[in-house]
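K.L.:
For reference, the structure I am asking about is given below.
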Amino acid sequence: MKRISLFLLLSFSIITAFAQKTELSQTVRGIVIDKDSKQPLIGATVIVINDTKTFGSATDEQGKFRILNVPVGRKSMKISYVGYEDRMINDIIINSAKEVVLNIELAEKVVSAKELIITAKSNKAAPNNELILVSGRSFTIDQATRYAGALQDPSRMAANFAGVAGGGNDQRNDIVIRGNSPLGLLWRLEGADIPNPNHFSNQGANGGPVSILNNNTLANSDFLTGAFPAEYGNANAGVFDLKIRNGNNEKHEFIGQIGFNGLELLAEGPIKNGQSSYLASYRYSTLSFFDAIGFKFGDSGIPFYQDATFKVSMPNTKTGNWSVWGIGGTSSTKLLDSDKNAEDRKKEAQPQDIDFASKMGVLGITNIAQINKHSFIKTVLTGSGESNRIRVDTLSPTNNKFYLFNSNSSFGKLAVHSYYNTKLNARNTVKIGFIASQQFGSSNDSVFVNDFNAYRSQIDFNETTYLGQAYANWNYRINTQLTFNAGIHYNHYFLNNTSGIDPRAGLRYNFGKSSVISFGYGHHSQVQPMITYFEKTLNDTFNRVYSSTNKNLEMTKAHHFVLGYEMMLGNEVRFKTEAYYQDLYNVPVTQNPSTISVLNYGAQFGAPNFDSLVNNGKGYNYGIEFTIEKYFSKGYYYLGTLSLYESKYKASDNKWRNTAFNGNFVLNVLAGKEWKIGKNNILSASGKITYAGGKRYVPIDEAASLANGYEVQIEDRSYENRLKDFFRADIRIGYKTNSKRVTQEYGLDIQNISNRKNIFTQQFNPQTGKVEDLYQIGLFPVPFYRIYF
């Protein structure tokens, strides 16, 4: 009956769509400013390119433009201004129920009287931040929706880009960049460094099953994979530089949505005088919602989560442009083997009950104060925090519970990020800034140790410390073809007075109308997760005497070298290749000989807990990446990426080994097509194939495990081999209807459409005495519905 109702609903929508004869339209408006000085550009020409005709406008004395009656559909836009480089913007989606409001930045031309002007073909994936000359690209929020398998998650979308692999777990969205641990990724939102923005996250992790980031609230952003500019610090793998869009400051608009990320309601609109605006969204776990109204999905394991995002924008005040913004979420679940019957419990290697909960939140205030026509100061004040708790009870054959483990932790930060940006002339721009943060954290745990027949605490602290960062960057556009930038970043961690000095440099040369060569170097320093510094070493078993042996750990450091080439094949197809080498040193490893290194952690649900660490470890990553991408035009797009890489480390046993993230290769191929149905509606389809090297693992000694009754690993063969190669095919089908005041979208994502059994890991099952494979998610359909009104 439910299937019939859904079919009738879809059929009615399609019939309604065909019945619409009149082509619907919408307003496109926004502002055009100088990329470096943020000053409005008066008289810039803005043209929307349609299939049959163009629509245009010019900016007024405030740099604003308005174009009326633009037909619905996917459009491109060209922006021109005398003395500035033209800019093309693709993938502008016009819906009948929502205005399009754009903030557009143009770069001034660098031309002398004797120079020959060569107009290069536009790279529509160029980063928003002009300081990024290598290993970076921008992405549109639409890509996170239309890419098959992305599920409106920026992290899952980024897994399609060159140099990126997942963490080896379909249930999580960890980002592995060029063989580095996910812990090396910096999350930045609205100019502030933020905690891990994922539900069900844990200390010592940087991903999770469900993103707290709401795709409907984000603006176009940047993703970096190495040798990043000096303004980014305390990271040695990559950067997600994200922005929250402003709400509509002239018209109240709403979005309702249900899908993988939850049941959502979003509202935006003006506050007063057509200047200030608000944007607010709230999401609630879809499965929790259905469970609450009586639809049951099993006896345990229902994931509960909810999150919210907001932004209040107050431009053009006497003290500059202000905004107040925030994101936050809570999540919890109970995985109860005790609710299973006896036969099902016997199938579990270690029957247990797990009670887990996490929270994350950020609140920020941003001010941009114009000093003069060439300079401004941007300041971001933030308060952020994250916490989680977990309790594990093991179960006896008679289903009696035994308390095994308990952990509670919370970490917070008060921070200010302020920088001064001045445009000396068309060639030279300087940015100088600092980031100061007060960090506070507390954590305690209790675990039963069989050898002692007693409980032991591995962590117990409540501490406050500070991290100071300062940076300077000079961008020199030597001529229209050659750009050079150089900078330096400094970190100082007051907990143990360790520091890092990080020089950065980049060079980009455009030759001809379609080719670019680029080079980048960066030295990167990163402090360890705060919890690592306070791991305790048990010195006296009888008297329970502990010492903190990790407190003097220095920062992990890395040299990044990148050489790239890219070429435009026509106006819409881009080819790019990059080769890189990364040298990691000062890596924490154990004092006594072992295979343990922090380079192998960051993609687990639990935090690693190792004491007696020293900075004697090393590592290196090298590889080559290829990208072929057709931007969305003429109704279709495609993206193909191939990453070939090696990732090695040396721990205290003084042997070079594969890291846990050395999959050796990742191949992604995705494509999509849209068909216009009638005048106002769109049918879309996309597909994706991922083929990657299998996950590295530590083999299990089955005989020793059987003799001891618990899993025994062969440590000296750590990460020697891979599991079977990973293969997954995803598809997505969507349909959009536009009516006069309402736009509706229906979608169906089907992950792993071939139902391939990809191995996740191996474990020893004492019930059977065998080593067993655990598999990733099989065929997984995810319906989606969104309404604009």
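The values are calculated or read from the model by the stated rules, or taken from the named source; none is laboratory data. What you see is a predicted model, and the numbers here were worked out from it, not measured in a lab. Neighbour counts run over all protein chains shown; Cβ positions are idealised from the backbone, glycine included. Just the protein is used for accessible areas: all its heavy atoms, side chains included, with ligands, DNA and RNA removed. Shrake-Rupley method; radii C 1.70, N 1.55, O 1.52, S 1.80 Å.
K.L.:
Can you confirm whether Y581 is open to solvent by 50 Å² or more (accessible area, probe 1.4 Å), in contact (Cβ under 8 Å) with a residue 24 or more places away in the chain, closer than 16 Å to R178 by Cβ and not β-branched (V, I, T)? Give the derivation first.
P.N.:
On the way: open to solvent by 50 Å² or more (accessible area, probe 1.4 Å): yes; in contact (Cβ under 8 Å) with a residue 24 or more places away in the chain: yes; closer than 16 Å to R178 by Cβ: yes; not β-branched (V, I, T): yes.
Taking the combined requirement at face value, the residue satisfies it.
K.L.:
Looking only at the stretch 750-789, which residues are touching a Ser or Thr at 6+ places or on another chain (Cβ under 9 Å) and aliphatic (A, V, I, L, M)?
P.N.:
Selection gives V771, L774, L779, I787.
K.L.:
Output the qualifying pairs, or none if there are none: Cβ atoms under 8 angstrom, residues six or more apart or on different chains, first residue in the stretch 694-722 and touching a residue at least 12 places away in the same chain (Cβ under 8 Å) and closer than 22 Å to P766 by Cα, second residue open to solvent by 50 Å² or more (accessible area, probe 1.4 Å) and assigned to a helix (DSSP H, G or I).
P.N.:
Going by the 8 Å Cβ cut-off, the qualifying pairs are V698/E715; V698/R717; P699/R717.
K.L.:
May I pose another question? Might you let me know whether the stretch 372-393 holds any residue that is free of Cβ contacts under 8 Å to residues at least 60 places away in the same chain and outside any strand (DSSP E or B)?
P.N.:
Within the stretch 372-393, one or more residues are free of Cβ contacts under 8 Å to residues at least 60 places away in the same chain and outside any strand (DSSP E or B).
K.L.:
Let me ask something else. Being charged (D, E, K, R), in contact with a Ser or Thr (Cβ under 6 Å, 6 or more places away or on another chain) and open to solvent by 20 Å² or more (accessible area, probe 1.4 Å), is that true of even one residue in the stretch 475-492?
P.N.:
yes
K.L.:
Considering R732, R741, which residue is in a loop (DSSP other than H, G, I, E, B), within 30 Å of A97 (Cα to Cα), touching a residue at least 60 places away in the same chain (Cβ under 8 Å) and not aliphatic (A, V, I, L, M)?
P.N.:
Only one candidate qualifies: R741.
K.L.:
All but one of (1) in a strand (DSSP E or B); (2) under 20 Å from S407 (Cα atoms); (3) in contact (Cβ under 8 Å) with a residue 40 or more places away in the chain; (4) touching a Gly at 6+ places or on another chain (Cβ under 8 Å) hold for N462; which doesn't?
P.N.:
(3)
K.L.:
Okay, next question. Report every pair of residues separated by at least 6 positions or lying on different chains whose Cβ atoms are under 8 Å apart, first residue within the stretch 217-237 and closer than 11 Å to N129 by Cα, second of a type in the set (D, E).
P.N.:
S221/D241; D222/D241; F223/D241; L224/D241
K.L.:
Please determine, by comparing only the residues of the stretch 548-563 that are open to solvent by 20 Å² or more (accessible area, probe 1.4 Å) and not β-branched (V, I, T), which one is farthest from P229 (Cα to Cα). Lay out the reasoning, then the answer.
P.N.:
First, pick out the residues of the stretch 548-563 that are open to solvent by 20 Å² or more (accessible area, probe 1.4 Å): 548-549, 551-552, 554, 557, 559, 561, 563.
Pick out the ones that are also not β-branched (V, I, T) and you get 548, 551-552, 554, 557, 559, 561, 563.
Working: S548: 35, K551: 29, N552: 28, E554: 22, K557: 16, H559: 13, F561: 13, L563: 15 Å.
Among residues in the stretch 548-563 that are open to solvent by 20 Å² or more (accessible area, probe 1.4 Å) and not β-branched (V, I, T), the one farthest from P229 (Cα to Cα) is S548.
K.L.:
Right, something else. What tally of residues in the stretch 749-789 results from selecting those that are among the hydrophobic types (A, V, I, L, M, F, W, C) and either more than 23 Å from the chain's Cα centre (by Cα) or at positive phi (or both)?
P.N.:
8
K.L.:
Let me ask you something else. Given the options V545, V587, name the one that is farther than 29 Å from M77 by Cα and surrounded by 17 or more Cβ atoms within 10 Å (Cβ to Cβ).
P.N.:
Every option except V587 fails the conditions.
K.L.:
Of the residues in the stretch 321-349, how many are in contact with a strand residue (DSSP E or B) (Cβ under 7 Å, 6 or more places away or on another chain), of a type in the set (S, T, N, Q), more than 26 Å from I212 (Cα to Cα) and not in a helix (DSSP H, G or I)?
P.N.:
So the count comes out to 1.
K.L.:
From (1) of a type in the set (D, E); (2) surrounded by fewer than 19 Cβ atoms within 10 Å (Cβ to Cβ); (3) assigned to a strand (DSSP E or B), pick out the condition that doesn't hold for D307.
P.N.:
Among (1) of a type in the set (D, E); (2) surrounded by fewer than 19 Cβ atoms within 10 Å (Cβ to Cβ); (3) assigned to a strand (DSSP E or B), the lone unmet condition for D307 is (2).
K.L.:
What residue, among those in the stretch 758-789 that are in a loop (DSSP other than H, G, I, E, B) and closer than 25 Å to Q352 by Cα, is most open to solvent (accessible area, probe 1.4 Å)?
P.N.:
Q767
K.L.:
Within the stretch 442-467, restricting attention to residues that are open to solvent by less than 20 Å² (accessible area, probe 1.4 Å) and modelled with pLDDT of 95 or more, which residue is farthest from the chain's Cα centre (by Cα)?
P.N.:
Only one residue fits best here, namely T465.
K.L.:
Could you look through the stretch 493-515, keep only residues that are part of a strand (DSSP E or B) and of a type in the set (F, W, Y), and pick out the one that is least open to solvent (accessible area, probe 1.4 Å)?
P.N.:
Here the residue is Y493.
K.L.:
Out of the residues in the stretch 23-56 meeting the condition of being open to solvent by 30 Å² or more (accessible area, probe 1.4 Å) and of a type in the set (G, A, S), tell me which one is nearest to the chain's Cα centre (by Cα).
P.N.:
This residue is S25.
K.L.:
Quick check on the stretch 657-668: of everything there that is under 20 Å from the mean Cα position of the chain (by Cα) and part of a strand (DSSP E or B), which residue is nearest to L723 (Cα to Cα)?
P.N.:
Taking the candidates together, the pick is V666.
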